[in-house]
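Have a look at the structure below before the remarks.
The values are calculated or read from the model by the stated rules, or taken from the named source; none is laboratory data. Just so it is clear, the structure is predicted and the values come from calculations on it, not from any experiment. In this analysis, Cβ positions are derived from the backbone assuming ideal geometry, glycine residues included, and neighbour counts consider all displayed protein chains. The protein model used for the area step is the full one, side chains on, heavy atoms only, and it has no ligands, DNA or RNA in it. Shrake-Rupley method; radii C 1.70, N 1.55, O 1.52, S 1.80 Å.
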Amino acid sequence: MNPIELDALSDALLARVRRKKGHPFNPDRMTRNLKSTREQLVEAVNRLTQLGYSLKIDGKGRIIFRSAPDSFLPAEIANGLKTVFVGRRVEAYRSIQSTNLIAHRLAMSGAPEGTLVIAESQTRGRGRMGRSWHSPHGVGLYCSLVLNPRIPPTMAPGISLMTAVVLAETIKEYGKIDVKIKWPNDVLIKGIKAAGILTELSAEIGRINYVVVGVGVNINHGRGDFPRELKKQASSIRIGLGKKVNRVEFVQRFLTAFETAYVLFKKNGLAAMRERILLHSSLLKTTVNLKMGRKTITGTVVDIDDMGHLVVETKNGLQIFSAGEVTSHHNR
Ligand code: BTN
């Protein structure tokens, strides 16, 4: 069997055995159903085992499925995913420079809307403002979505805020946990950053070619997974919740909620999501410093408007910001 045939047989075998965990599947019936030989079946079992599946062949040659790995394998992401277009095409990597980089390449070569690029680790994960994103192996979610919204480029920053809401809500489904959005696109757990979003677009005047939404979530990072300089500034779902979370299930929940929010966003912009944004926002009614290039402006956040802009009351009156670095203002 060539690698493509082996992958196809492995996928078909997996689809059958995973329906009944712990059940011993008769090998003769299986070879008949899958139109393979016994040897090929053993090869497929070995291939799946290599990928992290727990499968056994018992003394009678029967195949028993025990568990699937918590890895971002396309078959795992697809298993039970209920979206229509988000995450329907998946490019998965063990290690890659940056999923955003690959997503740009795919978008330029015409990848369909909703294409997902996902990796177990990144060697040059990109953050906002030219920073890097720490992406250790097997503990986080590092992914990018290719989108083709027919919206004016000025609406694109709203996609980040929308994604932040979806992430915050997805994390909250796991239990009692203090999750907030820090405008424009950070997600904080107990006030410390646990997820970030890097939205990049290719556009001409007045028209978007495509958008890449990069999402980094610290999921099962323990404190030891962060380098010293990040220890005080970075948290994870595991740290906030006190237990690990299945990453495949997390990405499926995220993709499903993302699709619903994105369809709504394309129709109505952020308007329909405004309450959810305000509900989760960490900055509302707080005094902040906003860094705009070399200038720093201080004021109280009074609103986030329908365009996702931050509305700040300053000594010169109300001011509206579409971007910027925000830090809390501490009166001395
Ligand atoms: C931030 O600075 O807060 C944004 C971080 C975004 C990180 C994610 S990880 C997946 C995707 N690929 C990248 O290189 N960056 C984004």
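In order along segment 192-209, phi translates into HN-Hα couplings of 10, 4, 10, 8, x, 10, 10, 9, 10, 10, 10, 9, 10, 4, x, 9, 8, 7 Hz, rounded to whole numbers, per the Karplus curve 6.51 cos²θ - 1.76 cosθ + 1.60 with θ = phi - 60° and x for Gly and Pro.
The DSSP beta bridges internal to the chain are antiparallel in roughly 90% of cases. Highest mobility in the GNM of the chain, judged by mean-square fluctuation with C-alpha springs under 10 Å and restricted to 91, 173, 120, is found for 173.
What is the dipole size for the chain, taken about its Cα centre, with +1 at each Lys and Arg Cβ and -1 at each Asp and Glu Cβ, in debye to the nearest 20?
With only Lys, Arg, Asp and Glu charged at Cβ, the dipole is about 820 debye.
Residue 74 sits among other residues whose Cβ lies under 11 Å from its own Cβ, and their net charge, with Lys and Arg +1 and Asp and Glu -1, is -2.
Beta bridges from DSSP with both residues in segment 47-125: antiparallel share about 40 percent, rounded to the nearest 5. The protection proxy used here, the mean number of other Cβ atoms lying within 10 Å of each residue, ranks peptides 304-315, 132-143, 198-209 as follows, highest first: 132-143, 304-315, 198-209. Modelled this way, with points 7 Å down the Cα-to-C-beta line, the labels at residue 49 and residue 329 are 6.4 nm from one another. Fully extending the segment from residue 298 to residue 28 would add 89.8 nm, taking 0.36 nm per residue of separation and subtracting the current Cα-Cα distance. Couplings 3J(HN,Hα) for segment 237-251, derived from phi with the Karplus relation 6.51 cos²θ - 1.76 cosθ + 1.60 (θ = phi - 60°), are 4, 4, 5, x, 9, x, 7, 7, 10, 6, 6, 5, 4, 4, 5 Hz, where x marks Gly and Pro. Enumerate the residues in segment 94-114 having an amide nitrogen under 15 Å from the point lying 7 Å beyond the Cα of residue 151 toward its Cβ. Backbone N within reach: 114. Per residue, the average separation of C-alpha pairs within less than 8 Å and at least 6 apart gives the chain a relative contact order of 13 percent. May I ask which of 82/172; 180/315; 172/267; 172/244; 35/82; 176/232 have a Cα-Cα span longer than 18 Å here? Flagged as over cut-off: 82/172; 180/315; 172/267; 35/82; 176/232.
Counting only protein heavy atoms and a 1.4 Å probe, the chain has 51 square angstrom of accessible area per residue.
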